[in-house]
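Visitor: Below you will find the structure I want to go over with you.
Only the coordinates and a few stated rules stand behind these numbers; no lab work does. What you see is a predicted model, and the numbers here were worked out from it, not measured in a lab. A quick note on method: Cβ atoms are made from the backbone with ideal geometry, for glycine too, and the neighbour counts reach across all protein chains shown.
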């Protein structure tokens, strides 16, 4: 039986939001600029960005809880690369959240719309950083065998190396 840790359960929410936020923020910005919606509609983008940041922090904390266990099969250097990418993603998303709040607070004044435009563009950068963190996490699981420590009887397969990889056997056909 497979004992699934919290990290993969949580991490998909901020990743999905990172992909969706450029569309949501861009659409709300356009609706605000064209006056299809009132400026307070921007609060939807602010709220979703807040959920992205909160769920990212939760994902980071749950990943930190699994780190010691995963280090049994994966090099600490590889884990650290994923951790650094996740931290950059999270703190950049948090900075963007602050900018979005600033745009919402100045919505009725002249700087609100330009701040929102910068924030909408910033969501593209956060999406790219999310891709980078997700790529590093996927490599941990699929290339370096990090998930095997959560399988029942978590012993490494016979012949597995420090990175958890099992050499392929050659078969004669």
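Visitor: Can you give the FRET efficiency to the nearest 0.05 for residue 20 and residue 108, using r as the Cβ-Cβ distance and R₀ = 25 Å?
Guide: Calculated value: 0.40.
Visitor: What does the highest-first list of 97-103, 28-34 look like by mean Cβ count within 10 Å?
Guide: Working: 97-103: 19.9, 28-34: 16.4.
Peptide ranking by packing, descending: 97-103, 28-34.
Visitor: Starting from the 7 Å offset along Cα-to-Cβ, what nm value, one decimal, do you get for the label separation of residue 57 and residue 30?
Guide: 3.3 nm
Visitor: Which angle from 0 to 90°, rounded to the nearest 10, does the C-alpha axis of helix 6-33 make with the longest principal axis of the chain?
Guide: Once rounded, one gets 20 degrees.
Visitor: What ranking do 115-123, 16-24 get when scored by the average of other Cβ atoms within 10 Å per residue, highest first?
Guide: My ranking of the peptides, most packed first, is 115-123, 16-24.
Visitor: Sticking with this one: Against the longest principal axis of the chain, how steep is helix 42-70, in degrees 0 to 90 to the nearest 10, with axes from Cα atoms?
Guide: Relative to the chain, helix 42-70 is tipped by roughly 20 degrees.
Visitor: Another one. Ordered by packing density, taken as the mean number of other Cβ atoms within 10 Å over each peptide's residues, highest first, how do 124-135, 67-78 rank?
Guide: 124-135, 67-78
Visitor: Only one of the listed values, [x] 117, 26, 19; [y] 51, 30, 29; [z] 70, 37, 28, was derived from the coordinates as Cα extents along the principal axes in Å; which label is it?
Guide: Given [x] 117, 26, 19; [y] 51, 30, 29; [z] 70, 37, 28, the calculated one carries the label [z].
Visitor: Also, quick follow-up: When the label point is put 7 Å from the Cα of residue 124 along its Cα-to-beta-carbon vector, which residues of the range 23-38 have a backbone N closer than 14 Å?
Guide: In the range 23-38, the label zone of residue 124 (backbone N under 14 Å from the point 7 Å along Cα→Cβ) covers 23-27.
Visitor: What angle do you read, to the nearest 10 degrees and between 0 and 90, between the alpha-carbon axis of helix 76-105 and the longest principal axis of the chain?
Guide: 10 degrees
Visitor: Still on this structure: Could you work out the helix-only [θ] at 222 nm for the chain, with each DSSP H run of four or more residues adding -39,500 (n - 2.57) and the total divided by the number of residues, to the nearest 500 deg cm²/dmol? Mind showing how you got there, number by number?
Guide: On the way: 4 runs with 118 residues, N = 173.
Helix contribution divided over all residues of the chain: -24500 deg cm²/dmol.
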